[in-house]
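Notes follow the structure.
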Amino acid sequence: MTREFDMVQTLSAGVAGRAGAWEFIRGFAAHWATALDVEDGWGEADLVAAEERLGVRLPLALREAYRLFGRRPDLTSNHDVLLDPAQLSVDPAREALVFRHENQGAASWGILLADLAQDDPAVFIRADLADKSAEKWENWLERLSLAFVEIVLSESLHAPEGLCDFLSDPEEGGIAVLERDCTRLPFPAYPLGKEEPGVRWFLGTDVLLRDDEGEVLARARTEAALDRVRELIPGDWLNDY
């Protein structure tokens, strides 16, 4: 018998530390996608080759993530892109190790080179601006393992199987309904340094939702669950034809 996945409880442990983060991702993959397999991670030789090419040592959390699910684009790269070990790079200013790109090249995520010796360092984000002199690495999340939890959650909102939707302008009171009828997930406010509420995560019946300051993204496990959330939060949902 398969044990039911408790999103709230398991995410609480995932937020608390690195081991909990990987356990959350295992459970989320099994319940919301496809269970992880031994073939889903990169091998040690791939990581060593990346280190030798770049002349840096990869943090333990990055190595663990790549070894566990780095070859599962359905968990990491439906929208934005987790780089393969051979694609990892150091930015031109030699400030950070870049491991993820926004899907249109508008931003990159990285780990400061000064932090690479830490097991689970903070993650920073840098926008791609017309004025390159104005680009700077800004706080994103306080730990890399926590960032991977966020990546898996966010990429699930762009899954290709027709169970996702987007609402850019909920009708009046829609966000209040979301707050009232769905469970706020125990993920910390982010990006770091931004005034709350920032990005918030919620769980309904068989549906995961993200509130991006009034824009709502939804990922359901069934079409019926997606229809229920469209009724719960009325508005012009993008994929509700």
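Restricting to segment 88-109, count the residues that are of a type in the set (Gly, Ala, Ser) and exposed (fewer than 13 other Cβ atoms within 10 Å of the Cβ).
Looking only at that region, the number is 3.
Given the residues 53, 71, 94, 67, which is the only one that is at positive phi and in contact with a helix residue (DSSP H, G or I) (Cβ under 9 Å, 6 or more places away or on another chain)?
94
Which condition does residue 219 not pass, out of (1) buried (at least 18 other Cβ atoms within 10 Å of the Cβ); (2) over 16 Å from the mean Cα position of the chain (by Cα), if it passes all the others?
Failed condition: (2).
Conditions (1) of a type in the set (Asp, Glu); (2) part of a loop (DSSP other than H, G, I, E, B), marked per residue:
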position: 58; (1), (2): no, yes
position: 62; (1), (2): no, no
position: 68; (1), (2): no, no
position: 71; (1), (2): no, yes
position: 74; (1), (2): yes, no
position: 108; (1), (2): no, no
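Consider residue 6 carefully, then state whether it is within 16 Å of residue 74 (Cα to Cα) and exposed (fewer than 15 other Cβ atoms within 10 Å of the Cβ).
It is false that residue 6 is within 16 Å of residue 74 (Cα to Cα) and exposed (fewer than 15 other Cβ atoms within 10 Å of the Cβ).
Can you name every residue in segment 18-50 that is closer than 30 Å to residue 92 by Cβ and either among the hydrophobic types (A, V, I, L, M, F, W, C) or surrounded by fewer than 16 Cβ atoms within 10 Å (Cβ to Cβ) (or both)?
Scanning segment 18-50 gives 42, 43, 44, 45, 47, 48, 49, 50.
Hey, among the residues in segment 49-76 that are in contact (Cβ under 8 Å) with a residue 60 or more places away in the chain and touching a Phe, Trp or Tyr at 6+ places or on another chain (Cβ under 6 Å), which one's farthest from residue 119 (Cα to Cα)?
75
List every residue pair whose Cβ atoms sit under 9 Å apart, with the two residues 6 or more apart in sequence or on different chains, where the first one lies in segment 213-224 and is at positive phi and the second, anywhere, is part of a loop (DSSP other than H, G, I, E, B).
213/197; 213/198; 214/168; 214/169; 214/170
Sort out which residues of segment 110-144 are surrounded by 14 or more Cβ atoms within 10 Å (Cβ to Cβ), of a type in the set (Gly, Ala, Ser) and assigned to a strand (DSSP E or B), and write them in order of number.
110
Computed from the coordinates by the stated procedures, all read-outs in this text should not be read as laboratory data. Since the structure is predicted, the reported quantities are computational estimates derived from the model, not experimental observations. A quick note on method: Cβ atoms are made from the backbone with ideal geometry, for glycine too, and the neighbour counts reach across all protein chains shown.
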